[in-house]
Structure formats: structure tokens, C-alpha cells
1. Looking at (1) assigned to a strand (DSSP E or B); (2) more than 16 Å from Gly110 (Cβ to Cβ), which is the only condition Ile48 fails?
2. Quick check on the stretch 50-72. Is at least one of its residues open to solvent by less than 40 Å² (accessible area, probe 1.4 Å), in contact with an Asp or Glu (Cβ under 9 Å, 6 or more places away or on another chain), within 18 Å of Tyr29 (Cα to Cα) and among the polar types (S, T, N, Q)?
3. Which pairs do you get when a residue that is at pLDDT 95 or above, found in the stretch 89-108, comes within reach of a residue that is among the acidic types (Asp, Glu), reach meaning Cβ atoms under 6 angstrom, with the pair 6+ apart or on two chains?
4. Quick one: in the stretch 33-49, which of the residues that are open to solvent by 60 Å² or more (accessible area, probe 1.4 Å) and at pLDDT 95 or above is nearest to Ala72 (Cα to Cα)?
5. Residues being out of contact with any Lys or Arg (no Cβ under 9 Å at 6 or more places or on another chain) and either at pLDDT 95 or above or on the phi > 0 side of the Ramachandran plot (or both): count how many of those fall in the stretch 111-127.
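The values are calculated or read from the model by the stated rules, or taken from the named source; none is laboratory data. Just so it is clear, the structure is predicted and the values come from calculations on it, not from any experiment. Cβ sites come from the backbone with ideal geometry, for glycine too, and all protein chains shown count toward neighbours. Side chains are part of the model used for accessible areas, which takes the heavy atoms of the whole protein and leaves out ligands, DNA and RNA. Shrake-Rupley method; radii C 1.70, N 1.55, O 1.52, S 1.80 Å.
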Amino acid sequence: MQRRFFSLAAMCALALAAPAWAHHSHNAYEVTKWTNMEGTVKEIHLIIPHSWVYLDVKDEKGETITWALEAAGPNTMIRNGAKREDVQVGDRIKVRCHLLRDGSNGCLLGFVTPDHGDRARGHGVEIHWD
């Protein structure tokens, strides 16, 4: 009887964990190539399960395009060495990310290098954000 109970409990746990595991797929992104860009932070949302940075980037015509950059949740970023005050609205940053496969203005944020001039907030230090 105990064996049947533990088998059923294990199957239930696996069934509950499967959607969470599937949620973290990066299939929407071209993860085999890195893209570099830089711009000014328009918005930043450090939320669970994924943080978002909206970055204003100048295109080749000089027009401003807003990009949506998906990052890990705040706890993961803190474990990677980032601090909440490192990047703020209005800051210039450089990023390395994986573009969306559909060609829209979004990417999976991998690394952020603040370029705001404030050494106390990590100016020039590349930090892993995913």
C-alpha cells in the first residue's frame, strides 16, 4: 500500500512540475547567436518570474526604437551579482542578448554593462542577467 501511495505522490509531483519546467523554454529566441546593442533604459520591471527592461535604441536612421528585453527574476540576478541600483531609468547601458526568432523588437537578455559613469553602481562592469 505504501508503494502505491508513494508512486501516486511522485506522479502528482511530476505532473505539477512539468508546466513550470516548460514555462522556462527559450524557443522563441535565437539562442545560438549573441547580439550587442546599447541604449537608454526607458523602463525597468524587476518582477517574478521574469524581469523586463525596455531599452530605447537608435536605429541606422537615427530614429528611436524601444526594445523589450526579458531577463531572469530579481533573485537570480542578485545571485549573479547584480544590484537593484545598478541600472535605473535614464541610464545608458550596453547589452548582449538573443533576438526573438520572429524578428520583432525583443530579446532574451544575457549580459548588461552599465555605461552611466557611476562606478559605485557598476559602471563598465558586465553582469549576467539571466
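1. (1)
2. yes
3. Arg92/Asp115; Ile93/Asp115; Lys94/Glu38; Lys94/Asp115; His98/Glu30; Leu99/Glu30; Arg101/Glu30; Leu108/Glu70
4. Per the criteria, the residue is His45.
5. 1
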